Amino acid sequence: MVQFEVTVNVEGGLHARPAALLVNCSSQSQSKITLSKGTKHADGKSILGIMTLGVSQGDTLTVQIDGADEQNVATAIQQLLEQSS
Amino acid sequence: MLKGIPVSAGISIAPVLRLTHETAITQAESTTPVDAAQELGLLSKSVEQAREQLEKLKEQTEEQLGSEKAAILSAHIAFLDDPAFVGEMGALIENQQLAASAAVSQVADQFIALFESMDDAYMKERADDIRDVSRCLIRNISGSDTVISYPEEPFILVAWDVTPSETLQLPLQHVRGIVTAKGGATSHAAILARSLGIPAVMGAGDTLMEKVDSGSLLIIDGTSGQLIVSPDADTLAAYQEKAAQEEKERQLYEAIKELPAETTDGHRVHLMANMAVPEESDALIASGVEGIGLFRSEFLFMDRSTLPDEAEQFAAYKHVAVAFGDKPVIIRTLDVGGDKHLPALALPQEENPFLGFRAMRISLARPELFLVQLRALLRASAFGRLLIMFPMISHLEQLREAKRLLEQAKAELRAEGIDFDEKIAVGMMMEIPGACLQADAFAKEVDFFSIGTNDLVQYTLAVDRMNANIAELYSYYHPAVLRLISQVIEASHRAGIWTGLCGEMAGDPLATKLLLGLGLDEFSGAASVMPKVKERIRSISVEEAKQLAEHVLTLSTVDEVVQYLKDKAL
């Protein structure tokens with residue numbers, strides 16, 4: 001299992017479009033992916049789960065990935081959340 | 001008498017098509033024992049149908065309205081793949097023996113409640129998207145009216161509410177109007193109706209559905225919000241004439257859309273529009289306005305319990321700056337208090353809110369909040385042509401303090417190496433009589449004035465415009481108001497700066513010639529009325545307008561002014 005913290009740099013936070021990009025990326029993986037903001041958690045493959053976390057630009061998320069391809073997915077997700085647009 | 005909020009201008013007369021599908025979701029709550037396997041099959045079939053329907057609608061929308069509007073539908077399609085959405089529905093069917101439609105509505109309700117409880121205005125609106133998709137699923141499951149069958153002749157849609165995808169599915173050649181019981185001017189459906197030019201009245205109240213039946217003739221006035229069911233012959237004839245007149249005008253306005261607002265003797269002024277939410281940008285640009293004369297930043301702050309941070313404000317302002325490109329957009333800093341309540345600031349109840357703690361007075365008392373807005377505005381200014389405007393300034397010290405804070409924000413950004421428009425223009429609202437009387441002093445320290453007639457009339461005549469008992473005292477044709485307007489414009493021109501006017505007066509064709517004669521440089525009103533103003537301006541000379549204005553300033557009563565304008569200015 002990998003776990004890391006990431007500061008979301010996506011402009012305007014995780015609204016529908018970036019959330020969809022994230023789900024695209026995570027649903028190609030076999031791993032179980034969980035995003036946490038404070039005490040709230042969301043399935044990384046659920047666009048609604050991610051949107052209802054209410055992630056603003058500048059928020060810190062904890063990402064937990066468990067599965068065979070966890071290393072690759074971790075890099076991809078980190079890049080996605082850290083890029084600014 | 002039925003009435004609602006006018007959200008998209010124009011008159012329509014057509015038979016009603018009444019949709020009652022809001023009840024579909026509640027009816028689906030029935031809990032008779034079910035065959036889980038069968039219900040799961042129904043659910044997955046309805047999901048696949050919905051996917052096809054949405055893909056097709058997305059394609060059509062992309063063709064007809066462009067990819068920005070179609071993006072709403074991409075999100076809807078993504079919901080169908082969401083394990084927390086469709087997966088959860090399946091789990092409810094298996095574990096709790098719910099019928100497929102009941103499972104859909106239960107999961108939908110949870111997400112609707114979640115989204116509606118969020119602070120961000122954008123996220124709140126996503127509840128509509130959930131409604132939209134779940135309604136589509138339930139329609140597919142029940143199989144009754146998978147596709148709403150619209151008549152092949154003109155109709156006015158009457159419904160509880162209309163979701164974005166329902167608006168997009170309306171047959172544009174036949175739909176003549178939209179009336180809803182719920183919703184308001186900033187809902188998705190309202191914005192779409194405006195951009196499609198369909199007259200619409202929303203928020204007509206819960207009795208709407210009882211009072212209007214399918215097939216009965218309905219008149220809707222998208223300018224006043226009036227709804228007339230089964231009109232008598234005289235009323236019908238009057239509205240038919242009005243509608244014909246409107247159509248003639250519309251054709252005339254279309255013909256002058258690309259032409260400048262120029263008098264017959266070559267004097268050029270600028271026609272802008274007022275804007276409340278960034279989503280209106282596309283429709284306003286298409287309407288032919290030269291820019292935005294008043295963009296109220298309040299939309300970012302209303303209906304939420306926390307304040308928007310710099311990133312959220314920046315994203316919103318930048319969106320507008322980019323959309324308008326080289327067209328100017330005047331953004332007014334936060335104007336709350338008075339009748340506009342803001343939960344996040346926990347403002348005290350006041351005896352006299354319009355004379356109390358509002359607008360600039362709050363911003364200057366809470367510089368840490370004001371600086372966040374100024375930084376966001378400045379950062380967005382690097383992406384288009386933004387102008388900053390301060391509301392409710394009465395004392396020169398306030399203007400100086402506001403400008404000092406603006407300089408502080410600029411210095412911070414420079415130190416951080418963040419781009420902004422170094423030459424960004426700064427102006428102030430002229431809406432307090434005291435400031436108007438001292439306009440010469442203010443003119444030396446700003447780049448422009450914008451006269452806000454709605455508040456200026458209220459403060460000059462001491463008339464609360466919401467108070468029906470004294471409504472007839474409220475008029476921007478009062479000679480005292482006209483003198484103040486004249487003084488402000490003259491003072492600005494002496495100082496080499498320009499004056500605009502945002503408020504109902506700017507869009508009143510009876511006032512156009514007078515304002516032109518008083519020397520007004522920029523008019524900003526509702527986009528729907530500006531073509532009429534342009535048509536007026538293009539038919540008069542600035543010389544005759546000046547003579548008219550000179551004479552009007554010698555008149556003593558509102559009636560004299562109005563009568564004179566009716567005789568000479570139309």
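The table below gives the values:
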{"quantity": "Positions within segment B:208-232 being touching a residue at least 40 places away in the same chain (Cβ under 8 Å), in contact with a Ser or Thr (Cβ under 9 Å, 6 or more places away or on another chain) and of a type in the set (S, T, N, Q), in sequence order", "calculated": "B:Ser216, B:Thr223"}
{"quantity": "Members of segment B:484-510 found to be over 23 Å from the mean Cα position of the chain (by Cα) and aliphatic (A, V, I, L, M), listed by number", "calculated": "B:Leu484, B:Ile485, B:Val488, B:Ile489, B:Ala491, B:Ala495, B:Ile497, B:Leu510"}
{"quantity": "Residue identified as part of a helix (DSSP H, G or I), without any contact (Cβ under 8 Å) to a residue 12 or more places away in the chain and not assigned by TED's automatic domain parsing to the domain that holds B:Val289 among B:Gln563, B:Gln487", "calculated": "B:Gln563"}
{"quantity": "Scan of segment B:264-313 for residues that are basic (Lys, Arg) and assigned to a strand (DSSP E or B), ordered by number", "calculated": "B:Arg268, B:Arg296"}
{"quantity": "Number of the exception - B:Arg465 against (1) touching a residue at least 12 places away in the same chain (Cβ under 8 Å); (2) surrounded by fewer than 20 Cβ atoms within 10 Å (Cβ to Cβ); (3) not in a helix (DSSP H, G or I)", "calculated": "(1)"}
{"quantity": "Matching residues in segment B:305-324 - criterion: being more than 12 Å from every other protein chain (Cβ to nearest Cβ) and touching a strand residue (DSSP E or B) at 6+ places or on another chain (Cβ under 8 Å)", "calculated": "B:Val320, B:Ala321, B:Phe324"}
{"quantity": "Answer residue from segment A:3-20, given it is hydrophobic (A, V, I, L, M, F, W, C) and in a loop (DSSP other than H, G, I, E, B) and is surrounded by the most Cβ atoms within 10 Å (Cβ to Cβ) among those", "calculated": "A:Leu14"}
{"quantity": "Residues of segment B:346-368 classified as outside any loop (DSSP other than H, G, I, E, B) and either under 11 Å from B:Val336 (Cβ atoms) or among the basic types (Lys, Arg) (or both), total", "calculated": "5"}
{"quantity": "Candidate set from segment B:32-55 (those that are surrounded by fewer than 15 Cβ atoms within 10 Å (Cβ to Cβ) and of a type in the set (S, T, N, Q)); member that is farthest from the other protein chains (Cβ to nearest Cβ)", "calculated": "B:Thr32"}
{"quantity": "Every pair of residues 6+ apart whose Cβ atoms lie under 9 Å, when the first sits in segment B:109-138 and is more than 12 Å from chain A (Cβ to nearest Cβ) and under 18 Å from B:Ser165 (Cα atoms) while the second is part of a loop (DSSP other than H, G, I, E, B) and aliphatic (A, V, I, L, M)", "calculated": "B:Ile138/B:Ala28"}
{"quantity": "Of all residues making up segment B:529-542, the number that are under 16 Å from B:Gly503 (Cβ atoms) and surrounded by 24 or more Cβ atoms within 10 Å (Cβ to Cβ)", "calculated": "1"}
{"quantity": "Segment B:280-300: number of residues that are farther than 19 Å from B:Leu377 by Cβ and touching a residue at least 60 places away in the same chain (Cβ under 8 Å)", "calculated": "7"}
{"quantity": "Meets criteria (of a type outside the set (D, E, K, R) and at pLDDT 90 or above) for A:Gly38", "calculated": "no"}
{"quantity": "Top-ranked residue in segment B:136-152 [being of a type in the set (S, T, N, Q) and at pLDDT 75 or above; ranked as surrounded by the fewest Cβ atoms within 10 Å (Cβ to Cβ)]", "calculated": "B:Ser142"}
{"quantity": "Criterion violated by B:Tyr474 - all others in (1) out of contact with any Lys or Arg (no Cβ under 6 Å at 6 or more places or on another chain); (2) hydroxyl-bearing (Ser, Thr, Tyr); (3) surrounded by fewer than 20 Cβ atoms within 10 Å (Cβ to Cβ) satisfied", "calculated": "(1)"}
{"quantity": "Residue tally, condition without any contact (Cβ under 8 Å) to a residue 12 or more places away in the chain and either touching a Ser or Thr at 6+ places or on another chain (Cβ under 8 Å) or small (Gly, Ala, Ser) (or both), over segment B:233-265", "calculated": "5"}
{"quantity": "Qualifying position, being in a loop (DSSP other than H, G, I, E, B), within 12 Å of chain B (Cβ to nearest Cβ) and among the β-branched types (Val, Ile, Thr), among A:Val23, A:Val55", "calculated": "A:Val55"}
{"quantity": "Listing of strands (runs of 3 or more DSSP E) fully contained in segment B:147-209 that carry 1 or more residues being of a type in the set (Lys, Arg)", "calculated": "B:175-180"}
{"quantity": "Test: B:Leu555 is among the hydrophobic types (A, V, I, L, M, F, W, C), in a loop (DSSP other than H, G, I, E, B) and in contact with a Pro (Cβ under 7 Å, 6 or more places away or on another chain)", "calculated": "yes"}
{"quantity": "Per-region count, segment B:56-108, residues within 12 Å of another protein chain (Cβ to nearest Cβ) and outside any helix (DSSP H, G or I)", "calculated": "2"}
{"quantity": "From the options B:Asp455, B:Asp421, residue that is surrounded by 18 or more Cβ atoms within 10 Å (Cβ to Cβ) and either part of a helix (DSSP H, G or I) or among the hydrophobic types (A, V, I, L, M, F, W, C) (or both)", "calculated": "B:Asp455"}
{"quantity": "Search result, residues across segment B:518-528 that are surrounded by fewer than 24 Cβ atoms within 10 Å (Cβ to Cβ) and free of Cβ contacts under 8 Å to residues at least 40 places away in the same chain", "calculated": "B:Gly519"}
{"quantity": "Enumeration of residues in segment B:491-510 that are over 22 Å from B:Ala462 (Cα atoms) and in contact (Cβ under 8 Å) with a residue 40 or more places away in the chain", "calculated": "B:Ala491, B:Ser492, B:Arg494, B:Ala495, B:Ile497, B:Trp498, B:Thr499, B:Gly500, B:Pro509, B:Leu510"}
{"quantity": "Residue within segment B:376-392 that is within 20 Å of the chain's Cα centre (by Cα) and modelled with pLDDT under 95 present", "calculated": "no"}
{"quantity": "Filtered residue count, segment A:26-42, keeping only those that are touching a Leu at 6+ places or on another chain (Cβ under 8 Å) and facing chain B (nearest Cβ under 10 Å)", "calculated": "1"}
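The values are calculated or read from the model by the stated rules, or taken from the named source; none is laboratory data. Please read all numbers here as calculations on a predicted model, not as lab measurements. Using ideal geometry, Cβ is built from the backbone for each residue, glycine included, and neighbour counts are taken over all protein chains shown.
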